[in-house]
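Structure below; questions to follow.
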Amino acid sequence: MKRKILLTWLLGAAIFAHASTTLPLQGTVVKPTDKHIQYVGRICFDHPDRPRFTFPGAQINVCFTGTSVKLWVKPKSGYFMAQIDQAEPFKVGFMGERDSVATLATALPQGNHTLRLMYVIEGYELKPDFRGLILDCGARLLPPPALPERTIEFIGNSITCGYGNESIEMTDPFEYETENHYYTYAQLTTRQLKARAHVVARSGIGVYRSYGGPKTGTPDNVMTKEYEYTNLYDRSEQWDFSRYQPQLVCINLGTNDLSTNNYDVKLLKTAYQKFLKQVRSHNPKAKIVYLCGSMLNGKELEIAKQTLNEVVAEANKQGDKEVYRFDFTPQTGSLKYGASWHPSKWQHQKMAAELTAYLRELMQWF
C-alpha cells in the first residue's frame, strides 16, 4: 500500500513540475512570515510578506501536516529544486507570465512531512520573491528541521552558480533552463559534509575585472562591491553579516579576471589581497580557502595559481594563519562540457569529491 501511495505522489510531482496560476487559492495558505518557515541564504525581508532573493542556493525549508503542498511565488521567478521527505529532488519552473502556483506533492500519506526548496539559478534579472505555501484545509506547519551545525560560505562566479551544467553541448549559450546550482560542486560538497551554505555568486563576475572588461578593471561591477549586499544588482539593503558567521569561506574567483587576454596581473593580485581583507573583516573566525579552477588552463592557470599562492603566503606571514589554498583538477572534456565550455554535472561531481576530501581534513569534519 505504501508503495502505491508513493507512486501516486511521484506521478503527481512529475505532472505538476511546471507552475500554473490557480487563484483563488484553495486550502490553508501559509504566509512567508510564519515562524515555522526556515530560511537559509541571503534573503531580503524588507517586505515580509514577499521575501526577495537573487543569489543561487537560497533555501526555504518546512515541516508540514497533511497530504499535499503547493508553492506560491512571483510569476517568472525562475527555477527551484524541491524535495519531499527523502524522495528524489525534482525541478519546479516558474517561467510563464502568469506562473505563480505549483503543486509540489499530492496524495501523500497522512502524517508529517518535510519540504526542502532551493533556488537554483541567478535571479538578478527575474527578481523572484516567495509568497507562501498552500496546504490541505486544516493542515499546518510544524517546527522546522534542525539546521546543520557546520556552516560554509561559497563566493564565486559562473562555475559556482552552475552555469550550463544541465546542458551537454559546449556550444550552447546561457539559458536559465540549463543552470542548476543544486548540482554544483558547492552544493554537492555541502551535502557530503552535512553542512549548510550561503552562496554569493554571479556569472561573469571577477575580483578586479569582470568578463570582457577593460584591462584597468570594472571597479563598480566586481565581487568586492556585490559582496556587501543582500541581493545582486540591488544595493537597497546592505547585508547584515551578523546574520550568518560561517566557519569556512571558499572563494573561487579569477577565471573572468584572466579572460580574453586583456588583464593586469598586478591589479589582480592587489584585488585578491583587498578582497581577502574584506572577507576577513566580516568573518573574523572563519577559515578562508582560495580555490582555483576548473576552467582555467595554460598560461592563465599558472598565473592564477602563482598569484593566489603569493597572496596566501603573504597573509600567513602577516599573521593570518587561517587562509589556505586549494586547486581543482583542470577540466579536459573527458567528463564532457556544459554550456559555453563550463563544467558539466559530471565535472562538478569530480570537483566536489576533490574539495570534500580536502575540507574534511582541514575542518576535521568526519
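Compute the separation of the alpha-carbon centres of the stretch 208-226 and the stretch 75-154 and state it in Å as a whole number.
Result: 34 Å between the Cα centres.
If one puts a single equal scatterer on every Cα of the stretch 235-366 and applies the Debye formula without solvent, what log₁₀ I(q)/I(0) results at q = 0.09, 0.22 Å⁻¹?
Log-scaled intensity ratios, in q order: -0.30, -1.36.
Note down the relative contact order for the chain as a percent, whole number, built from C-alpha pairs under 8 angstrom at least six residues apart. The partial results should precede the final answer.
On the way: 846 pairs, mean separation 63.8, N = 366.
Averaging sequence separation for qualifying contacts and normalising by length gives 17 percent for the chain.
If you line up the long axis of helix 2-15 against the longest principal axis of the chain, both from Cα atoms, how many degrees apart are they, to the nearest 10?
Once rounded, the angle reads 70 degrees.
Work out from phi, with θ = phi - 60° and the Karplus expression 6.51 cos²θ - 1.76 cosθ + 1.60, the ³J(HN,Hα) of each residue of the stretch 176-181, listed in order in whole Hz, and give x for Gly and Pro.
Karplus-based 3J(HN,Hα) across the stretch 176-181 equals 4, 5, 10, 9, 9, 4 Hz.
Could I ask something else about it? Give the percent of DSSP beta bridges with both residues in the stretch 126-281 that are antiparallel, rounded to the nearest 5.
Details: 2 of 14 bridges.
Of those bridges, close to 15 percent are antiparallel.
Angle, helix 265-282 long axis vs. longest principal axis of the chain, Cα atoms, 0 to 90°, nearest 10?
The two axes meet at around 50 degrees.
In whole Hz and in residue order, list the ³J(HN,Hα) couplings for the stretch 335-346 that follow from phi through the Karplus curve 6.51 cos²θ - 1.76 cosθ + 1.60, θ = phi - 60°; x for Gly and Pro.
9, 6, 10, x, 4, 6, 6, 7, x, 6, 4, 6
Could you work out what % of the accessible surface of the chain is carbon and sulfur, using a 1.4 angstrom probe and leaving DNA, RNA and ligands out of the count? Present the calculation step by step, with values, prior to reporting the outcome.
Details: 8580 of 15930 Å².
Ligands and nucleic acids excluded, carbon and sulfur give 54 percent.
Here is a follow-up. How much of the DSSP bridge set in the stretch 221-366 is antiparallel, in percent, rounded to the nearest 5? Please list the in-between numbers first.
Working: 3 of 12 bridges.
Close to 25 percent.
Which pairs break 23 Å Cα to Cα here: Lys269/Lys350; Lys269/Lys317; Lys31/Lys74; Lys127/Lys215; Lys31/Lys225? The partial results should precede the final answer.
On the way: Lys269/Lys350 28 Å; Lys269/Lys317 16 Å; Lys31/Lys74 14 Å; Lys127/Lys215 31 Å; Lys31/Lys225 33 Å.
Exceeds cut-off: Lys269/Lys350; Lys127/Lys215; Lys31/Lys225.
Looking at the chain, which longest stretch skips every one of the trypsin sites (Lys or Arg not before Pro) that is in a DSSP loop with at most 16 other Cβ atoms within 10 Å, leaving the sites themselves out? Mind dumping the intermediate values first?
Details: sites that count: Lys35, Arg98, Arg140, Lys194, Lys215, Lys285, Lys321, Lys336.
Value returned for the longest uninterrupted segment is 216-284.
Angle check, please: helix 298-317 long axis (alpha carbons) against the longest principal axis of the chain (alpha carbons), in degrees 0 to 90, nearest 10.
Between the helix axis and the principal axis of the chain, the angle is about 90 degrees.
What translational D, rounded to a whole number of µm²/s, comes out for the chain from Stokes-Einstein when the hydrodynamic radius is the Kirkwood one over Cα pairs, at 25 °C and 0.890 mPa s? Mind showing how you got there, number by number?
On the way: Rh = 21.2 Å.
Taking Rh from Cα pairs, D becomes 116 µm²/s.
Could I ask something else about it? When the helix-only estimate is applied to the chain (DSSP H runs of n ≥ 4, each -39,500 (n - 2.57), divided by the residue count), what is the mean residue ellipticity at 222 nm, nearest 500 deg cm²/dmol?
On the way: 7 runs with 87 residues, N = 366.
Rounded to the nearest 500, the figure is -7500 deg cm²/dmol.
Here's a follow-up. Rolling a 1.4 angstrom probe over the protein heavy atoms, how many square angstrom per residue are accessible across the stretch 88-241? Each step should come with its number before you reach the end.
Values: 5870 Å² over 154 residues.
In whole numbers, the stretch 88-241 has 38 Å² accessible per residue.
Based on DSSP, what percent of beta bridges with both residues in the chain are antiparallel, to the nearest 5? Please report the intermediate quantities before stating the final value.
Values: 40 of 62 bridges.
Beta bridges within the chain, antiparallel portion: roughly 65 percent.
The values are calculated or read from the model by the stated rules, or taken from the named source; none is laboratory data. Computed from a predicted structure; not experimentally measured. As a convention, Cβ positions derive from the backbone with ideal geometry for all residues, glycine included, and neighbour counts pool all protein chains shown. Just the protein is used for accessible areas: all its heavy atoms, side chains included, with ligands, DNA and RNA removed. Shrake-Rupley method; radii C 1.70, N 1.55, O 1.52, S 1.80 Å.
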